[in-house]
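The values are calculated or read from the model by the stated rules, or taken from the named source; none is laboratory data. It should be emphasised that the depicted structure is a prediction, and the values quoted were computed from it without experimental measurement. Here the Cβ positions follow ideal geometry from the backbone for every residue, glycine too, while neighbour counts run over all protein chains shown. The accessibility values were calculated without ligands, DNA or RNA, using every heavy atom of the protein model including side chains. Shrake-Rupley method; radii C 1.70, N 1.55, O 1.52, S 1.80 Å.
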Amino acid sequence: MSAEYEMVVGLEVHSQLLTRTKLFCRCENRFGAPPNALTCPVCLGHPGVLPLLNEEAVRLGIRLGLAMGCSIHQRSVFDRKHYFYPDLPKGYQISQFTYPLLTGGGLTVRSGEGTREIRIHRIHLEEDAGKNMHAGIRDASHVDLNRSGVPLLEIVSEPDIRTPEEAVDYLKKLRQILRATGVSDGNMEEGSFRCDANVSLRPGGSSVFGTKVEIKNMNSFRFVHKALLFECERQAQLLDRGERVVSETRLFDSSTGRTLPMRSKEEALDYRYFPEPDLPPVVLDPKWIEEERSRLPELPHERVARLSGEFGIREEDAEVLVLEEDLSRYLEEAREALHEYAGKGGWPVEQGTPRLVNFLLSEVLREWNRKGPAILTGSLAAREISYLVALVVEERLSLNQAKDVYAVCIESLRTPREVVAEKNLSQESGEDALGRWIDDVVRENPGEVQSYREGKERLFGFLVGQVMKKSGGKANPQKVNRLLKEALSR
Amino acid sequence: MSAPFTTLESFRKGRDERAFSIEDAVRYYLDRIEGIDRALGAYLTVNPNALNRARQLDNRLARNPANSPFYGYPVAIKDNMNVLGLPTTCASRMLANFRPIENATVVERLLKAGAVILGKTNMDEFAMGSSTENSSMGVTRNPWDTGRVPGGSSGGSAVSVAAGLAPLSLGSDTGGSIRQPAAFCGVLGLKPTYGRVSRYGLVAFSSSLDQIGPFSRCAEDALELTVLVSGPDGRDMTVRDRDPQEMVREFEGSVRGMTIGIPEEFFGDGLDPEVAASLERAREVWSAEGAVFRPIRLPSASFGVNVYYLIATSEAASNLSRYDGIRYGYRSLSSGNLKDLYQNSRREGFGPEVKRRILLGTFALSAGYQDQYYRKAQQVQSLIREEFDRAFHEVDLVFAPTTPTPPFRFGEKLDDPLAMYLSDIYTISANLAGLPALSTPSWPTPSGLPVGAQLIGPAWSEGRLLRAARVLEEAVGFRTPPVSVQTAGGKVS
């Protein structure tokens, strides 16, 4: 991208809600059932049916509003949005247009070395459509209406995002809030967390918006990043050539990494919104909102602050842990176990926690990125990591040895205890044993010792190596250093 | 054979004294339908299970006493309400073969009380019309003059009660579709307060105006049926939780001391003099019984038709979007792609009046016109509501004609939609204001055509409306049209 353009991005996220039933009927809200198994006359749009609002969906909307600092409107109104499509049984979608449930609020994203606020424009409740299916069918399309009427929150940001990285961080943090509050499972593969982007460019320093393009069909964070980069480059090239960006909707093609035109805004549909006459306005009792506030769990940003304080780590590191809830849970469990080892070994637990966190942020995080959450269970469950860290604190294992053990455990699915025992790895830190090896080495290498004492200091390394060799690699190198120095200065 | 009973009360008595069986009662109506409905066309479907159900009810009655006045009572249902086992066609080619998979709430409550559904009655397609001429399933004739329309859209339900093809029926009223045909056929028709009766299972025309209500020979039966079907069902969020028994309490008594408003806007130009003369006699009856009349103003009501044809068509265009040929209903087979499938199915499946209203409603809601039409209409609707509110500070009820003219001839207004729309000019404002209103028979015209007297009340005042209707009904008496019936036993009338 040419450096003189600034990218302006607004994101629209559709998040399916973790309700037991659909938004306007009592069909089960569940992914993966056989086609049309979860339907009834209401979500099939039969003649004569009426919508019955699921209060649980409203409650989840309130929770998200509280978590994101939105204005929660005591009165919101459902509207009908009309268009014809086979996956839309009634010929209209029940949504909220003029009076949404939530407006305002926002969240903080990482931006380079710092952070930026991304404001929320609005969040409203609506029903999902079904799914058209074309694959493997000749001369026809089939329609699965299991998804028809599943509750959604549409979360619309202000155009405050400036880079693909900010966009991805926004999505990750939003998903984290949705999960932490129990509003959604945020599963992108199953379509319960879907994202569209509005993208435009403008000259750096300008406060006017350029023509925006809507991008759809980005079903992973990686694709969002790719699509935004591609779109930015495409628009920059148009502008560089003095051409106009056309206001249109484009589809991201993950196989080529490109965006392709879908429809122009001139062909845009007239949705003929009007208030849904079958549903009275949603009126919230302020007491209900306060009740939900008191029931909110620890929110991700609160957790970041707490972890960074408790473990003495940078907020960025704490964020990495909190972004992935299973990692932070792992850390907290491991710390619990570390207390036990500290008690048994007679050392203060504070001596171990920094090592534990560092081990987690380096070794565990790397393997987690490679292999996923499976490595946090079984032979490497939280208390096993604590065991390994305790060995390091008690100087029975060097840090490098601990890392090696961890790597072996990952590959072999054995516990650290087993690997340490089998490799006879435990480190020798006892001063008696170390002193014997050191005395032997001093006696056996009189020439080198003489030269060292006369000033040839680089021979110290050679002598340490001899001690390590004698110990079969088990000697604690820090202790060998100290004791050898003392011996040589005698 | 003459009718073994004419009202719910006489039915209950005869049933409990075993003067006749439920099977007898149901067979009587089925025979009459068989005998004369070919000439009238009130029914689209006769329930093939009606006799079976009657026998089952008789069997149960032998062991347990009936727990409801409706136990065994035959009822006809307008063909826009779902009855399990029977088609719901809305008199449209679009739904000619549609069979619902559950009952409407009103039907469910009737069945639970033990009623027997006789069949489904003809109507204007999707309830759009004032003469039942817009049915794609055939003609329904006015039993008082078979060259005239029965009114609409609930023409079949009105005729079924007027001609003795059912003692009681249900219709739906969006702009007058119960009251106007009731007036044309000489029966009582009540449109309850919006939110009184669940619309679940009623095929929607205009969701904010539609309301289900009874056709009956007397006020008491209308009351009983309204009480039976009223109240929340957990499926229609627009139903309010009002105690139906308050209608029963308000039904008791006379009109003595009641103040009845006469809106001058409803008695001016355009009102047929024979209708006006009949209504003057009705007024005298109520006066003689102690009611006090006073003039009131409802200036915005004269815009009712204009407002109605924007709001009702906007909602109709939306409600009828679901008939797309994809999941059920009529599908054009001559379609090569999705767009053709939509267009051909809707072009071939809907009749001309339905198309006209979909077009009008789509236009009224389209981008750039919504403020001018739909929103403006909503503002006038609020004015109409406020004017009624003000009026009901001064009066207990409002008295008005139901229709500007007696029933008109077939074809008379079919090619002039505006003239047809104006036949609802007096009924529409009650729908726009969400108020309960009824039409009860007044004296016929000199040539014997029925005339309806309309009463409009404040929200939830159905009991009061019916009380006043009963007073008039006692003076006028129920008239039976001169139709002859062919039965196995020969010709009877």
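Quick look at the values:
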| item | result |
| --- | --- |
| Which listed residue, of B:T6, B:T45, is β-branched (V, I, T), open to solvent by 20 Å² or more (accessible area, probe 1.4 Å) and assigned to a strand (DSSP E or B) | B:T45 |
| The range A:18-48 - residue that is among the aliphatic types (A, V, I, L, M) and touching a Gly at 6+ places or on another chain (Cβ under 8 Å) and, of those, least open to solvent (accessible area, probe 1.4 Å) | A:L23 |
| Flag for A:D79 being touching a residue at least 12 places away in the same chain (Cβ under 8 Å) and more than 10 Å from chain B (Cβ to nearest Cβ) | yes |
| Every pair of residues 6+ apart whose Cβ atoms lie under 6 Å, when the first sits in the range A:113-127 and is part of a strand (DSSP E or B) while the second is among the aromatic types (F, W, Y) and open to solvent by less than 10 Å² (accessible area, probe 1.4 Å) | A:I118/A:Y170 |
| A:E428 vs. criteria within 16 Å of A:G473 (Cβ to Cβ), open to solvent by 40 Å² or more (accessible area, probe 1.4 Å), in contact with a strand residue (DSSP E or B) (Cβ under 8 Å, 6 or more places away or on another chain) and among the acidic types (D, E) | yes |
| Verdict on B:R357 being more than 9 Å from chain A (Cβ to nearest Cβ), at pLDDT 95 or above and closer than 24 Å to B:N97 by Cβ | yes |
| The range B:300-339, subset open to solvent by 60 Å² or more (accessible area, probe 1.4 Å) and assigned to a helix (DSSP H, G or I), residue farthest from the other protein chains (Cβ to nearest Cβ) | B:S302 |
| For A:R110: the one exception among (1) away from every other protein chain (no Cβ under 14 Å); (2) open to solvent by less than 40 Å² (accessible area, probe 1.4 Å); (3) in contact with a helix residue (DSSP H, G or I) (Cβ under 6 Å, 6 or more places away or on another chain) | (2) |
| Residue that is hydrophobic (A, V, I, L, M, F, W, C) and touching a residue at least 60 places away in the same chain (Cβ under 8 Å), where the choices are B:A391, B:A317, B:A367 | B:A391 |
| Within the range A:82-106, considering residues that are among the hydrophobic types (A, V, I, L, M, F, W, C) and open to solvent by 10 Å² or more (accessible area, probe 1.4 Å), the one farthest from the other protein chains (Cβ to nearest Cβ) | A:F97 |
| Subset of the range B:363-375 [part of a helix (DSSP H, G or I), surrounded by fewer than 19 Cβ atoms within 10 Å (Cβ to Cβ) and within 13 Å of chain A (Cβ to nearest Cβ)] | B:F363, B:D371, B:R375 |
| For A:I120: the one exception among (1) surrounded by fewer than 21 Cβ atoms within 10 Å (Cβ to Cβ); (2) farther than 30 Å from B:M237 by Cα; (3) away from every other protein chain (no Cβ under 12 Å) | (1) |
| Selected residue (only one of A:L201, A:L239, A:L229, A:L251 is assigned to a strand (DSSP E or B), open to solvent by 20 Å² or more (accessible area, probe 1.4 Å) and either among the hydrophobic types (A, V, I, L, M, F, W, C) or touching a Phe, Trp or Tyr at 6+ places or on another chain (Cβ under 8 Å) (or both)) | A:L251 |
| Residues satisfying the stated conditions in the range A:38-54, i.e. within 7 Å of chain B (Cβ to nearest Cβ), within 36 Å of the chain's Cα centre (by Cα) and farther than 13 Å from B:G234 by Cα | A:L44 |
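Here's the yes/no breakdown for (1) at pLDDT below 90; (2) surrounded by 13 or more Cβ atoms within 10 Å (Cβ to Cβ):
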{"position": "A:W368", "(1), (2)": "yes, yes"}
{"position": "A:Y406", "(1), (2)": "no, yes"}
{"position": "A:W437", "(1), (2)": "yes, yes"}
{"position": "A:G447", "(1), (2)": "yes, no"}
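Condition check ((1) more than 14 Å from chain A (Cβ to nearest Cβ); (2) touching a Phe, Trp or Tyr at 6+ places or on another chain (Cβ under 9 Å); (3) buried (at least 24 other Cβ atoms within 10 Å of the Cβ)) across all residues:
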| position | (1), (2), (3) |
| --- | --- |
| B:D58 | yes, no, no |
| B:N64 | yes, no, no |
| B:P69 | yes, yes, no |
| B:A76 | yes, yes, yes |
| B:A91 | no, yes, yes |
| B:K120 | no, yes, yes |
| B:V161 | yes, yes, yes |
